[in-house]
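**Student:** Questions regarding the structure given below will be posed in turn.
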Amino acid sequence: MKLLPRQIDVLRCSAMDLDTKGTALRLFLGVETVKTHRHRAMEALGCRTWPGAVAKAIREGLIA
């Protein structure tokens, strides 16, 4: 499973309980760009839901 650095950043923001708009503001991205990173991270992790992707990233040690 290969994640891009921005996908990992978006996962970290979600783990810090930031919503899509908060993530976009924090990372200086557009909301649609955050949504795209989320979707592609879910695909890379093989998850159907975003909370599942965040949980798997934590379990796999990709984010703290």
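**Student:** I need the fraction of alpha carbon pairs in the chain separated by more than 20 Å, rounded to a whole percent.
**Tutor:** Percent of Cα pairs beyond 20 Å in the chain: 14.
**Student:** Net charge around Leu29, counting only other residues with Cβ within less than 15 Å of its Cβ (Lys, Arg = +1; Asp, Glu = -1)?
**Tutor:** Net charge around Leu29: +4.
**Student:** Something else: What does the charge dipole of the chain about its Cα centre add up to, to the nearest 20 debye, if the Cβ of each Lys and Arg holds +1 and the Cβ of each Asp and Glu holds -1?
**Tutor:** Taking the Cα centre of the chain as origin, the dipole is about 100 debye.
**Student:** Also, I was wondering about something else. Using Cβ contacts closer than 10 Å as the measure, can you line up Ile63, Ile58 from fewest to most?
**Tutor:** Ile58, Ile63
Since every read-out is calculated from the coordinates, none of them should be taken as a lab result. Bear in mind that the values here come from a model prediction, so they are computed numbers and not experimental data. Cβ sites come from the backbone with ideal geometry, for glycine too, and all protein chains shown count toward neighbours.
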